[in-house]
Amino acid sequence: MEKYIDNHPKALENEAIYIIREVAAQFEKPVLLFSGGKDSITLVRLAQKAFYPAPVPFPLLHIDTGHNFPETIEFRDRLVKEAGLKLIVRHVQDTIDRKNIKEETGKYASRNMLQTTTLLDSIEEFGFDACIGGARRDEEKARAKERIFSVRDDFGQWNAKDQRPELFDILNGRIHKGENVRVFPISNWTELDVWHYIQKEKLEIPSIYYSHQRDTFVRDGMIWPFSDFVTVDEDEKIEQRTVRFRTVGDMSCTAAVASEASDIQTIIDEIRSAIISERGARMDDKRSEAAMENRKKEGYF
Amino acid sequence: MDVLRISTAGSVDDGKSTLIGRLLYDTHSLTQDQLHALEVASERRGLDSMDLSLFTDGLTAEREQGITIDVAHIYFSTENRKFIIADTPGHVEYTRNMITGASNSQVAVILIDARHGVVEQSRRHYFITSLLRIEQVVVCVNKMDLVDYEEQRYYEIASEFQELRSAFGFEGQQVQFIPASALKGDNIVHKSDKMSWYEGPSLLSFLQQVQVKKDEEQLARFPVQWINRPKEGEFRDYRGYSGKVASGDFQPGDQIVVLNSGQRSTITSIDTMDGQLKVAKAGESVTLVLKDDIDISRGDLIVKENELPEGKRQFASTLCWLDKEPLNRAGKYILQHGHFRTLAKLENINYLTDPQTLKKRDDVDTLRLNDIAQVHFKTAGPVYTDSFEKNKANGSFILIDPQTNATVGVGFAS
């Protein structure tokens, strides 16, 4: 038997369930933003716990960039079916076609920025007033500043310099029509807390989190997955490597790590001794010192 | 594994962000790419050595001005404890963000610049710390390297602070003094070899061993958050009352009273998706099932039969004003206590306390940003508070402006 220690602070689960229930109680049309990554999978489990034995009273929304790992989409559809959840999918490609948007070009091109447009359009289309997201404060310095209930104006913008005070655990979700609130139930969780929770709850996760063989190439000292969505320079040689992903974003902006980890405990041990942070593998954060803050201001997740 | 929530406070440039950077750096909680980003950012600002404060001052406006505007939450853990630090701003205009950060913390670390001693913001922040009834306080006399690690200077500041303590402190509050240099790393994680005269713990070893009181020891309070009614399927007839136990504990068999209606019933089970519980303790999110089919809605309070709080439509409280717009004496505000909302009007401002002079002023007719006053409320519906002193979770509430929807005040029931 594998040795198993319960390292997940129970207090974090209680807090997250409390926040999710508060969303259902204070808002008319909440939605859970689902990416297929470990954080949103954790959110789904917490939502199930919050309303058990009743079903989760709001749908999931996936903003599909079209650049996903196929494993993530396959996993998403299976989870939704098995758990009896309602899923809404909106495609970045449709936004591009409808609004006649020019996509980024060049070797660092990604659809990361365009996701925001599709997300804001979907919020308007369905009239969502609260979007539950899996962002954590430990991920990035701008996220570290975010409230649990974070108000966005009619344009989806975040005003970081003038946030609502949030006292004790009292949450104020009152907003004007057209505004919405981004809610972060796992704000206080770290990457390791999420993994300990996945272990404790025996949650299924997309296979790309585990070690596997993949065609890759090296760019800027990182291992990139080869796919139709990337432009590879001539000197960037495509090779098969044993890798896994620490975070699940688009195939065009998520780097892999060399890893043999094929179970959760090994992943946990690996993260413990890692010398690179989780978002160190996200090209989208590296564009500038304030990359995340700028995207958040515009309405990013 | 337990979680300890800490907040830092202190004036601008007392080195709060540097202190947190130091804690992370010396506990090896920063990864290579985070360190690299810090180095690059420090170089860009023309600094010779790494500026650890750049790790927590995450907003562009903060980095431009070298100040903290809003609370940053920082996480690290040691062997048996997870730490959540709220790094709060020092500027007086951002005091409301300091209160946001401090309201959820169990330990307050107040920094004092060894060169300047107790200044206005130290007073204000300690005043707020005591108002929030944070029982564990660390006074970290920082920048000891700039006063040659002088024992005498440290004791001067400590005795200066003791005066504040006799003015604002409360019974049961523990204060630990630590001389330190966050910049040089003295007494933050490792004990300093430059201050052999100091026999106490380093900041980290204090935080690792400090014990905090749990809300379980208080009277049982359960604010009803959500009515769980599946209405169809296997659990068609299920009716449960979901919420987080605010204080005390509940067990199946407990005779309860629902407030405001006064209806009585018995808890038959305490449900979670992981099974039924024998006891639900403070802080646990659960669903209560009752013996009788009675009318209960969100905002009601479930308590034990012989532990009833008094419902009041007029009551005294301390109020901290958090909005840039001053209090409108003619206006009505929404008072939110737990999940209960009712309209409230401020009947009277008894007096305002100036944390700088300790003077009480009774000549004020309104409240402005960061003012702290003793007031009297009148509400549309009865509010079932305990005094904040006895029960933090059931003794606090917020005020919401119904026009702007902003959270404009936080109250502490007397």
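Per-residue Cβ counts within 10 Å, from other chains only, averaged over A:215-222: what number is that?
For this peptide, the per-residue mean of nearby foreign Cβ atoms is 0.
Mind pulling the per residue volume of the convex hull built on the Cα atoms of chain B? Å³ is fine.
171
Once you've got the Cα coordinates, tell me which of A:Lys10/B:Lys82; A:Lys49/B:Lys244; A:Lys10/B:Lys16; A:Lys38/B:Lys392; B:Lys16/B:Lys191; A:Lys145/B:Lys184 are over 23 Å apart.
The answer is A:Lys10/B:Lys16; A:Lys38/B:Lys392; A:Lys145/B:Lys184.
Using a cut-off of 11 Å between beta-carbons, work out the net charge of the residues near A:Asn172 (Lys and Arg +1, Asp and Glu -1, A:Asn172 not included).
With Lys, Arg at +1 and Asp, Glu at -1, the neighbours total +1.
Looking at chain B as a GNM with Cα springs under 10 Å, which of B:Asp193, B:Asp215, B:Asp26 has the largest mean-square fluctuation?
Taking springs between Cα atoms under 10 Å, the residue moving most is B:Asp193.
Mind checking which of B:Gln208, B:Gln176, B:Gln32 has the largest fluctuation in a GNM of chain B, springs on alpha carbons under 10 Å?
Ranking B:Gln208, B:Gln176, B:Gln32 by mean-square fluctuation puts B:Gln32 first.
Would you give the gap between the C-alpha center of the stretch B:114-158 and the C-alpha center of the stretch B:253-292, rounded to a whole Å?
45
For the stretch A:171-211 and the stretch A:58-125, write down the distance between their C-alpha centroids in whole Å.
Using only Cα atoms, the two centres lie 18 Å from each other.
Determine the sum of side-chain charges near A:Phe75: Lys and Arg each +1, Asp and Glu each -1, restricted to other residues whose C-beta is under 13 angstrom from that of A:Phe75.
Residues close to A:Phe75 contribute a combined charge of -1.
Assuming R0 = 30 Å, can you tell me the calculated FRET efficiency for the pair B:His28 and A:Phe155, based on Cβ-Cβ distance, to the nearest 0.05?
E between B:His28 and A:Phe155, to the nearest 0.05, is 0.10.
So which GluC sites (Glu not before Pro) in the stretch B:130-162 are both in a DSSP loop and have at most 15 other Cβ atoms within 10 Å of their Cβ?
B:Glu150
Quick one: grab the alpha carbon gyration tensor of the stretch B:65-203, order the square roots of its eigenvalues as a ≥ b ≥ c, and give me rounded if a/c is under 1.5, else prolate or oblate depending on whether a/b is larger than b/c.
rounded
As a test of the formula, what do you get for chain B when each DSSP H run with n ≥ 4 contributes -39,500 (n - 2.57) and the sum is divided by the residue count, at 222 nm and rounded to the nearest 500 deg cm²/dmol?
Using -39500 (n - 2.57) per qualifying helix, the result is -5500 deg cm²/dmol.
If you take every DSSP beta bridge fully contained in the stretch A:94-196, what fraction is antiparallel? Give it as a percent rounded to 5.
Of those bridges, close to 60 percent are antiparallel.
Under a GNM of chain B (C-alpha, springs under 10 Å), which listed residue has the highest mean-square fluctuation: B:Ala182, B:Ala167, B:Ala158?
B:Ala167
Taking only protein heavy atoms into account and a 1.4 Å probe, give the accessible area per residue of the stretch B:324-405 in Å².
I get 47 Å² per residue for this part.
Using modelled backbone amide H atoms (1.01 Å from N, in-plane), which distant-in-sequence or interchain residues come within less than 5 Å of B:Asp51's amide H?
B:Ser42
Could you tally the net charge around B:Ser297, taking each other residue with its Cβ under 13 Å from the Cβ of B:Ser297, Lys/Arg +1 and Asp/Glu -1?
Around B:Ser297, the surrounding residues sum to +2.
Hey, got the average number of other protein chain Cβ atoms within 10 angstrom for residues in A:137-144?
6
Remind me, relative contact order of the stretch B:274-367 in percent, using alpha carbon pairs under 8 angstrom and six or more residues apart?
20
³J(HN,Hα) across the stretch A:112-120 via Karplus (A = 6.51, B = -1.76, C = 1.60, θ = phi - 60°), whole Hz, x for Gly/Pro?
For the stretch A:112-120, the Karplus-derived couplings read 4, 5, 5, 4, 4, 4, 5, 4, 5 Hz, x marking Gly and Pro.
Sort the following peptides by mean Cβ neighbour count (other Cβ atoms within 10 Å, averaged over residues), highest first: A:207-220, A:42-55, B:355-368.
A:42-55, A:207-220, B:355-368
So which residues of the stretch A:169-195 lose at least 50 Å² of accessible area, probe 1.4 Å, when you go from the chain by itself to every protein chain present?
Buried by 50 Å² or more upon assembly, which counts only protein chains, are A:Ile170, A:Asn172, A:Arg174, A:His176, A:Asn188.
Taking each residue of B:331-341 in turn, how many C-beta atoms of other protein chains fall within 10 Å of its C-beta, and what is the average?
The per-residue average across the peptide is 2.
Ballpark to the nearest 100 Å², how much total accessible area do A and B bury together, probe 1.4 Å?
Summing both sides, the interface buries roughly 5700 Å².
Pop out the carbon and sulfur fraction of the accessible area of chain B as a percent, whole number, probe 1.4 Å.
43
May I ask you to evaluate 6.51 cos²θ - 1.76 cosθ + 1.60, the Karplus curve with θ = phi - 60°, for each residue of the stretch B:166-177 and list the ³J(HN,Hα) values in order in whole Hz, giving x for glycine and proline?
Working through the residues one at a time gives 6, 7, 10, x, 9, 5, x, 7, 9, 10, 10, 9 Hz.
I'd like the distance separating the alpha-carbon centroids of the stretch B:1-30 and the stretch B:164-232, in whole Å.
13
How much accessible area per residue does chain A have, counting only protein heavy atoms and a probe of 1.4 Å, in square angstrom?
Here the per-residue accessible area is 40 Å².
Would you please name the GluC sites (Glu not before Pro) within the stretch A:1-89 that are DSSP coil residues with at most 13 other C-beta atoms within 10 Å of their C-beta?
Filter output for the stretch A:1-89: A:Glu2, A:Glu28.
By its C-alpha gyration tensor, with a ≥ b ≥ c as the square roots of the eigenvalues, how is chain A shaped: rounded for a/c under 1.5, else prolate for a/b larger than b/c, else oblate?
Oblate shape, in that a/c is at least 1.5 and b/c is the bigger or equal ratio.
I'd like the Karplus ³J(HN,Hα) series for the stretch A:99-104: coefficients 6.51, -1.76, 1.60, θ = phi - 60°, whole numbers in Hz, and an x wherever there's a Gly or Pro.
Karplus values, whole Hz, x for Gly and Pro: 9, 6, 8, 7, 6, 4.
Rounded to the nearest 5, what % of DSSP beta bridges with both residues in the protein assembly as shown are antiparallel?
70
Highest first, please rank the peptides B:3-15, A:163-175 by the mean number of other Cβ atoms sitting within 10 Å of their residues.
Per-residue mean Cβ counts within 10 Å order the peptides as B:3-15, A:163-175.
List the lysines whose Cα lies under 21 Å from the Cα of B:Lys345, skipping any in the same chain that are fewer than 8 positions away.
Here the lysines satisfying the reach criterion relative to B:Lys345 are B:Lys312, B:Lys324, B:Lys332, B:Lys378.
Express the relative contact order of chain B as a whole percentage, based on alpha carbon pairs under 8 Å and six or more residues apart in sequence.
Computed value for chain B: 11 percent relative contact order.
The values are calculated or read from the model by the stated rules, or taken from the named source; none is laboratory data. What you see is a predicted model, and the numbers here were worked out from it, not measured in a lab. Here Cβ is always computed from backbone atoms with ideal geometry, including for glycine, and neighbour counts include all displayed protein chains. The area values use the complete protein model at the heavy-atom level, side chains included, leaving out ligands, DNA and RNA. Shrake-Rupley method; radii C 1.70, N 1.55, O 1.52, S 1.80 Å.
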